[in-house]
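Student: What follows is a single structure, and I will ask about it in a moment.
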Amino acid sequence: MLSFVLRRIGVMILTAFALTFVVFYMTNLPPNLEKLAKSEASVRMDDDAVASWLAENGHTGPVLMRYGEWLGLLPGWTLTAEDGKVTGRCIEDGMDPAAAPTRCGILQGNWGYSTVFKATVSDVLARSLGATGWLMLWVMIVMVPSSLLLGVLSGMREGSRTDRVLSTFAITTTATPEYVSGVILIALLASATAGISPILAEAGWIEGKTLFPGTATSAMDDITFWNFFLPVMTIALYGIGYIARMTRASMTEVMTQQYIRTARLKGVAFRDVVMKHALRNALIAPFTVIMLQFPWLLNGVVIVETLFNYKGFGWTLVQAAGNNDIDTLLACSVVAVFVVLVTQLISDIGYVFLNPRIRLA
Amino acid sequence: MSDTTWDPSKPILEIENLSISFFTRLREIPAVMDFSCTVMAGEAMGLVGESGCGKSTVALAVMRDLGKNGRIVGGSIKFKGRDLTHMTEEELRHIRGSEIAMIYQEPMASLNPAMKIGAQLAEVPMIHQGMARDDAWKLARQIVADVRLPDPDRILNSYPHQLSGGQQQRIVIAMALMSKPALLILDEPTTALDVTVEAGIVDLVKALGEKYGTSMLFISHNLGLVLDVCDRLCVMYSGEAVETGNVEEVFDKMRHPYTQALFRSIPLPGADKNSRPLVAIPGNFPLPHERPKGCNFGPRCNYFVEGRCNALDIPMADVPDGHRHESRCLRFAEIDWSAPPAAGKTVEKTAIGKVVLKLEDLKKYYSVGSSAFGGGMKKVVKANETLSFEAREGETLAIVGESGCGKSTFAKVLMGLETATSGQIMLFDENVQSTPIQMRGTGTISKLQMVFQNPFDTLNPSSTVGRQIIRALEIFDYGTSDAEREARMLELLDLVKLPRAFADRMPRQLSGGQKQRVGIARAFAGGAKVVVADEPVSALDVSVQAAVTDLLMDIQRKNKTTLLFISHDLSIVRYLSDRVMVMYLGHVVEMGTTDQVFAPPYHPYTEALLSAVPIADTRVQKQRIVLEGDIPSAVNPPPGCPFQTRCRWKAQVPGGLCDREVPPVRTLDGGHQIKCHLSDEVLAKMEPVIKIAAE
Ligand SMILES: Nc1ncnc2c1ncn2[C@@H]1O[C@H](COP(=O)(O)OP(=O)(O)O)[C@@H](O)[C@H]1O
Ligand code: SF4
Ligand code: SF4
Ligand SMILES: [Mg+2]
């Protein structure tokens, strides 16, 4: 088991290097750098000025070298100006150049400076990941139990009425992307002019104009049912349908297996046939799916956070991309790669754990 | 447990005029009609018949588990006097597993893969007797010991995939016995197992039946097994019982033409492919919705009389002077049952020609990683150890041994699906041992063909039967037009006794036996010089086996084909082969002509194998040799003689030689080869395993 995990981690690290290099390369293409120069210094710079600004700020070396610096594997660039002033990647303003460290990349914990948020990237990331973490946590809390329940209920008696109703629901929700379901939910529940809010307001059953607020910004400070319900549901609905359908497929297959008949013919009650004999076998496939959902959640998070103006990871990513914030963008991609790979590792380990037929040495 | 009023002298199970139908979108399929049988306390009732005749349906009806589309449409099933057909789910639940238990064919599939053996066993008394968990595990431990499994504690804590097939089936039996049921239903419990393992299981079932006084409904297509296990017998044909009676009576004084035909189609000792060939039952088994008027067996019956047999439904009738012996035949009193079978077509022995296939010191080792994800230590599986033999034109060479002994590996190497580790294979004058199949010319491929062991895996589930056979014909470059191939395909269906209508069916619409036939039809689509038949008939019904063996022999005679017949069934091997090679754990332990191998002196393994084969003949007296334990793993074979862990003759070899040294191949009189340390004197003292008592 240990060697398996170690090997997986090794592969993970290699993949992470490759992916981050690709992102680094893309974000550091000349047009992006030119934009950076213009936004940082002056919009009206001519080409020569841009070139010299880039040179002064260490953006001109070979891309591999800059990548190495960014990682912290290679020493950061230094430049001695004509007036003898030494600047460099690792030399902060007013710092004695001699005292500065030679390497300062993400490996040293230096993620760079966000040009949009005017703060270090580590601070930006910490804040936004924290916010997104809460969102994800609640999505999981809502999504996993309800989707498994739906899947098991519809799969245990294939073709029954319960099955048909639940399957229709599941298919509908997976077929609706977040940007559609988000808008529908807002219109239905959080609009002063449409949906049920005007009716409720008229009847005097709600205090404000709408049942739910249309933004989740206040959840940054204090999560409540009211400000979190809509974003969580928007993300969860899609996932519920998807996982429920997986679970159902897996459950219907398990229910036709001989060992289920064996259990039935042992006199096991139907409830226990489902709970004790079918469930664990039926959960093997959905478990993998749930873990692989995590990276996909990041995707939904981008849409939902933007829609509900919730300043989490997705929102930050959108801002960074829109404003050519190279360091933040790079950091976001590192996080994303990390999340994808870690969840895959967990899903593999969990699969082994659930399925006794696979044993690792 | 609510049956204190039941009188033990009454039948445990009384099925009366039971009719069962399956309802599909197209039609009602009457799977079982007017079926009656009684099982008394402590009695073992055998249910035999070809696949699809409704045996399993009867068993499942007793369990009231016919699935969504199956329904009992008439008759009653009384268990201890109470009618099961009118019970509610809840009442049934109390009977299932506690008073009636069922065991079926695939042990691996019947065990929950994600639950420990102990938990699966302990569940039964916990449900039915409300036993505490610890007590239930204790009981489980005891029953596991009862089914003669070694190291019960380890077994209880294992998952099903960690046990061998034989061990799994013992667990399934243990599970059925957990609450000491009054009735045990066994649906082909040993069909998936090796003969020596089967022999152990059968012994166990018999002993446990006696120990606990359990009544049994024993379903099998193997008449020999039924003779071994059962007191009474019910022969089914196409959804009906056609004959019931005491086993001896039905075997020796059968009173139904189908029973007689069945016995004439199985290779009993004395049958011979040339002088006394098997008589296959002509025609096809009728599909449930295409049964003829009157007697179902009419179209295939030798005694059929127009106007009588096909007039009215035929009732079961008592056979005079019998013990509860009944037959569903109008003419049983008129037929001369002692008349010998009409002299079948006897044929000339095929002349054995020149050597076409020659193997020298063939070795095949596999190296396997020790963990599922590679890495770790590499181990070597010696699947074939120094195989040397020749096969001649027109000859049938049987390769015998249990699963894992290397038969199939050998076939794969020969076919070029694997390459040999060392040694030589000469096919005609071509050296093919290192030529994989992709590199072999069409000529070589068409010369050497194979009939596969398991057509379930080789049939494409999403293509019709006809399409798949035509596809094979295309691969073999048969014919020039689609019409020609189509015609050949229909001929092939006839050849394997499938109705032509099956050309349009999907594999999943066929029974196991029918699928097997399609596989064989497809494999025979092209003509070949050397045919490797890997267990081609082991999953077939007896009457079909006869037809297929006949087919194989026909092809052989016509084309002078060399047949390498791989099998674990010694009856059929004895019937059709010229020479026999016995394998164990990759070693050839004995080789000789059929007569040499089937008579003493034997190799100790051959002896055990012979003893394990059930023979459907009441005159046969067998020496019972039950092998202990399982076949050792090929990854970790024992040192010295491969058979030493189970050999009962080992003590006769002085100095522990068997533990240390692989025995040399010794050549006895007439080129008979044995790989064993036993001295000539001991070998000479060996007694025949099978004796036929004088009448
Ligand atoms: N679920 C089912 N739906 C339709 N037909 C079935 C079903 N199960 C069995 N049958 C049909 O019932 C007949 C008897 O089958 P079965 O009892 O399995 O025979 P056996 O056990 O003797 O091989 C066969 O013709 C088979 O095709
Ligand atoms: S009733 Fe007629 S057709 Fe049927 S088994 Fe008897 S003799 Fe044959
Ligand atoms: S060599 Fe010894 S162990 Fe092997 S079969 Fe002969 S007697 Fe038995
Ligand atoms: Mg069956």
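A quick yes/no check of all residues on (1) open to solvent by 50 Å² or more (accessible area, probe 1.4 Å); (2) modelled with pLDDT under 90; (3) on the phi < 0 side of the Ramachandran plot:
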| residue | (1), (2), (3) |
| --- | --- |
| B:Gly46 | no, no, yes |
| B:Gly54 | no, yes, no |
| B:Asp65 | no, yes, yes |
| B:Val73 | yes, no, yes |
| B:Lys78 | yes, no, yes |
| B:Glu89 | yes, yes, yes |
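Student: Please go through the range B:626-643 and give me each residue that is buried (at least 17 other Cβ atoms within 10 Å of the Cβ), at pLDDT below 85 and under 26 Å from B:Pro664 (Cβ atoms), ordered by number.
Tutor: Answer for the range B:626-643, where residues must be buried (at least 17 other Cβ atoms within 10 Å of the Cβ), at pLDDT below 85 and under 26 Å from B:Pro664 (Cβ atoms): B:Leu627, B:Ile631, B:Pro632, B:Ala634, B:Pro637.
Student: Which count do you get for residues in the range B:58-79 that are basic (Lys, Arg), touching a helix residue (DSSP H, G or I) at 6+ places or on another chain (Cβ under 9 Å) and more than 10 Å from every other protein chain (Cβ to nearest Cβ)?
Tutor: Matching residues across the range B:58-79 total 1.
Student: Mind listing just one residue for me: the one in the range B:146-169 that is open to solvent by 50 Å² or more (accessible area, probe 1.4 Å) and more than 14 Å from chain A (Cβ to nearest Cβ) and, of those, nearest to the chain's Cα centre (by Cα)? I'd like the intermediate steps shown before the answer.
Tutor: Within the range B:146-169, the subset open to solvent by 50 Å² or more (accessible area, probe 1.4 Å) is B:148, B:150-151, B:153-154, B:157, B:161-162.
Now narrow it down to the ones that are more than 14 Å from chain A (Cβ to nearest Cβ): B:148, B:150-151, B:153-154.
Working: B:Arg148: 23, B:Pro150: 26, B:Asp151: 29, B:Asp153: 32, B:Arg154: 30 Å.
Selected residue: B:Arg148.
Student: Something else now. Against the definition (among the acidic types (Asp, Glu), away from ligand 1 (no atom under 16 Å from the Cβ) and either open to solvent by less than 20 Å² (accessible area, probe 1.4 Å) or outside any helix (DSSP H, G or I) (or both)), how does B:Glu681 come out, yes or no? Show your work before the answer.
Tutor: On the way: among the acidic types (Asp, Glu): yes; away from ligand 1 (no atom under 16 Å from the Cβ): yes; either open to solvent by less than 20 Å² (accessible area, probe 1.4 Å) or outside any helix (DSSP H, G or I) (or both): no.
No.
Student: Continuing with this model, one more query. Looking at the range B:452-474, is at least one residue surrounded by fewer than 12 Cβ atoms within 10 Å (Cβ to Cβ), under 24 Å from B:Phe410 (Cβ atoms) and either among the charged types (D, E, K, R) or at pLDDT 75 or above (or both)?
Tutor: Yes, there is a match, as at least one residue in the range B:452-474 is surrounded by fewer than 12 Cβ atoms within 10 Å (Cβ to Cβ), under 24 Å from B:Phe410 (Cβ atoms) and either among the charged types (D, E, K, R) or at pLDDT 75 or above (or both).
Student: Of (1) in contact with a strand residue (DSSP E or B) (Cβ under 9 Å, 6 or more places away or on another chain); (2) under 18 Å from B:Gln105 (Cβ atoms), B:Ser179 satisfies all except one. Which?
Tutor: (2)
Student: Confirm whether B:Lys206 is within 29 Å of B:Asp541 (Cβ to Cβ), away from ligand 2 (no atom under 16 Å from the Cβ), more than 18 Å from the chain's Cα centre (by Cα) and open to solvent by 20 Å² or more (accessible area, probe 1.4 Å).
Tutor: It is true that B:Lys206 is within 29 Å of B:Asp541 (Cβ to Cβ), away from ligand 2 (no atom under 16 Å from the Cβ), more than 18 Å from the chain's Cα centre (by Cα) and open to solvent by 20 Å² or more (accessible area, probe 1.4 Å).
Student: State whether the residues of the range B:28-41 include one that is among the β-branched types (Val, Ile, Thr), more than 16 Å from ligand 3 (Cβ to nearest atom) and modelled with pLDDT under 90.
Tutor: Taking every residue of the range B:28-41 in turn, at least one turns out to be among the β-branched types (Val, Ile, Thr), more than 16 Å from ligand 3 (Cβ to nearest atom) and modelled with pLDDT under 90.
Student: Can you find, within the range A:192-207, the residue that is nearest to A:Trp226 (Cα to Cα) among those that are open to solvent by less than 50 Å² (accessible area, probe 1.4 Å) and not aliphatic (A, V, I, L, M)?
Tutor: Applying the filter and picking the extreme gives A:Ser197.
Student: Determine which member of the set B:Glu89, B:Glu106 is within 12 Å of another protein chain (Cβ to nearest Cβ) and farther than 21 Å from A:Met156 by Cβ.
Tutor: B:Glu106
Student: Can you run down the residue pairs with Cβ atoms below 8 Å, 6 or more apart or on separate chains, where the first is in the range B:12-36 and within 14 Å of another protein chain (Cβ to nearest Cβ) and the partner is within 16 Å of ligand 4 (Cβ to nearest atom) and part of a strand (DSSP E or B)?
Tutor: Listed pairs, sorted by first residue: none to list.
Student: On to the next question. Kindly indicate whether any position in the range B:5-18 is open to solvent by 60 Å² or more (accessible area, probe 1.4 Å), small (Gly, Ala, Ser), modelled with pLDDT under 90 and more than 16 Å from ligand 3 (Cβ to nearest atom). Before you say what the answer is, go through the steps one by one.
Tutor: Pass one, the range B:5-18, residues open to solvent by 60 Å² or more (accessible area, probe 1.4 Å): B:5, B:7-10, B:16-17.
Narrowing further to those that are small (Gly, Ala, Ser): B:9.
Next, only the ones that are modelled with pLDDT under 90 stay: B:9.
Okay, now just the ones that are also more than 16 Å from ligand 3 (Cβ to nearest atom), so B:9.
Within the range B:5-18 (the criterion being open to solvent by 60 Å² or more (accessible area, probe 1.4 Å), small (Gly, Ala, Ser), modelled with pLDDT under 90 and more than 16 Å from ligand 3 (Cβ to nearest atom)), the answer is yes, since at least one residue qualifies.
Student: Is it true that some residue in the range B:188-196 is of a type outside the set (Asp, Glu), away from ligand 1 (no atom under 16 Å from the Cβ) and not in a loop (DSSP other than H, G, I, E, B)? Before the answer, list the steps.
Tutor: Taking the range B:188-196 and keeping what is of a type outside the set (Asp, Glu), we get B:189-193, B:195-196.
Those still in the list that are away from ligand 1 (no atom under 16 Å from the Cβ) too: B:193, B:195-196.
Checking which are not in a loop (DSSP other than H, G, I, E, B) leaves us with B:195-196.
Yes.
Student: Shifting gears a bit: Within the range B:655-670, identify whether any single residue is touching a helix residue (DSSP H, G or I) at 6+ places or on another chain (Cβ under 7 Å), within 14 Å of ligand 3 (Cβ to nearest atom) and part of a loop (DSSP other than H, G, I, E, B), and answer yes or no.
Tutor: Checked the range B:655-670: no residue is touching a helix residue (DSSP H, G or I) at 6+ places or on another chain (Cβ under 7 Å), within 14 Å of ligand 3 (Cβ to nearest atom) and part of a loop (DSSP other than H, G, I, E, B).
Student: I've got another one for you. Do we have B:Ile185 as more than 16 Å from ligand 3 (Cβ to nearest atom), of a type in the set (A, V, I, L, M, F, W, C) and assigned to a helix (DSSP H, G or I) here?
Tutor: No; evaluated as a whole, the condition is false for this residue.
Student: If a residue must be open to solvent by 10 Å² or more (accessible area, probe 1.4 Å) and not in a loop (DSSP other than H, G, I, E, B), how many such residues does the range B:247-259 contain?
Tutor: 4
Student: From the list B:Pro292, B:Pro320, B:Pro267, B:Pro315, exactly one residue is of a type outside the set (Val, Ile, Thr), under 23 Å from B:Val226 (Cβ atoms) and either open to solvent by 40 Å² or more (accessible area, probe 1.4 Å) or in contact with a helix residue (DSSP H, G or I) (Cβ under 6 Å, 6 or more places away or on another chain) (or both). Which is it?
Tutor: Sole residue among the options that is of a type outside the set (Val, Ile, Thr), under 23 Å from B:Val226 (Cβ atoms) and either open to solvent by 40 Å² or more (accessible area, probe 1.4 Å) or in contact with a helix residue (DSSP H, G or I) (Cβ under 6 Å, 6 or more places away or on another chain) (or both): B:Pro267.
Student: Also: Out of B:Cys295, B:Cys309, which single residue is within 30 Å of the chain's Cα centre (by Cα), in contact (Cβ under 8 Å) with a residue 12 or more places away in the chain, in a loop (DSSP other than H, G, I, E, B) and away from ligand 4 (no atom under 16 Å from the Cβ)?
Tutor: None of the other options fit; the residue is B:Cys295.
Student: Suppose we keep only residues that are open to solvent by 10 Å² or more (accessible area, probe 1.4 Å) and more than 10 Å from chain A (Cβ to nearest Cβ) within the range B:170-183. Which one would you say is nearest to B:Ala136 (Cα to Cα)?
Tutor: Selected residue: B:Lys180.
Student: Are there any pairs, at least 6 apart or on different chains, whose C-beta atoms fall under 6 Å, with the first in the range A:7-23 and farther than 14 Å from A:Leu345 by Cβ and the second of a type in the set (Phe, Trp, Tyr), and if so, which?
Tutor: What qualifies is A:Phe21/A:Tyr67.
Student: Something else: Tell me, please, whether a residue that is within 16 Å of ligand 4 (Cβ to nearest atom), in contact with a Cys (Cβ under 9 Å, 6 or more places away or on another chain) and not in a strand (DSSP E or B) can be found in the range B:238-246.
Tutor: Scanning the range B:238-246, I find at least one residue that is within 16 Å of ligand 4 (Cβ to nearest atom), in contact with a Cys (Cβ under 9 Å, 6 or more places away or on another chain) and not in a strand (DSSP E or B), so the answer is yes.
Student: B:Ser98: under 19 Å from B:Val205 (Cα atoms), modelled with pLDDT under 90 and more than 16 Å from ligand 3 (Cβ to nearest atom), yes or no? Reasoning before the result, please.
Tutor: Numbers: under 19 Å from B:Val205 (Cα atoms): yes; modelled with pLDDT under 90: yes; more than 16 Å from ligand 3 (Cβ to nearest atom): yes.
Yes, satisfied.
Student: In addition: If you check A:Phe270, A:Phe287, A:Phe228, A:Phe308, which single one turns out to be under 22 Å from the mean Cα position of the chain (by Cα) and within 14 Å of chain B (Cβ to nearest Cβ)? Steps first, answer last, please.
Tutor: On the way: A:Phe270 fails: under 22 Å from the mean Cα position of the chain (by Cα); A:Phe228 fails: within 14 Å of chain B (Cβ to nearest Cβ); A:Phe308 fails: within 14 Å of chain B (Cβ to nearest Cβ).
Checking each option against the conditions leaves just A:Phe287.
Student: Still on this structure: Kindly evaluate B:Met254 against the criterion of being under 16 Å from B:Met102 (Cα atoms), more than 16 Å from ligand 1 (Cβ to nearest atom) and at pLDDT 90 or above.
Tutor: It is false that B:Met254 is under 16 Å from B:Met102 (Cα atoms), more than 16 Å from ligand 1 (Cβ to nearest atom) and at pLDDT 90 or above.
Student: Which ones in the range B:390-406 are in contact (Cβ under 8 Å) with a residue 60 or more places away in the chain, open to solvent by 10 Å² or more (accessible area, probe 1.4 Å) and assigned to a strand (DSSP E or B)?
Tutor: Across the range B:390-406, the qualifying residue is only B:Arg392.
The values are calculated or read from the model by the stated rules, or taken from the named source; none is laboratory data. All of these numbers come straight from a predicted model, not from anything done at the bench. So basically every Cβ, Gly included, is an ideal-geometry build from the backbone, and we count neighbours across all protein chains shown. Each accessible area value is taken on the protein alone, full model and side chains, heavy atoms only, with ligands, DNA and RNA left out. Shrake-Rupley method; radii C 1.70, N 1.55, O 1.52, S 1.80 Å.
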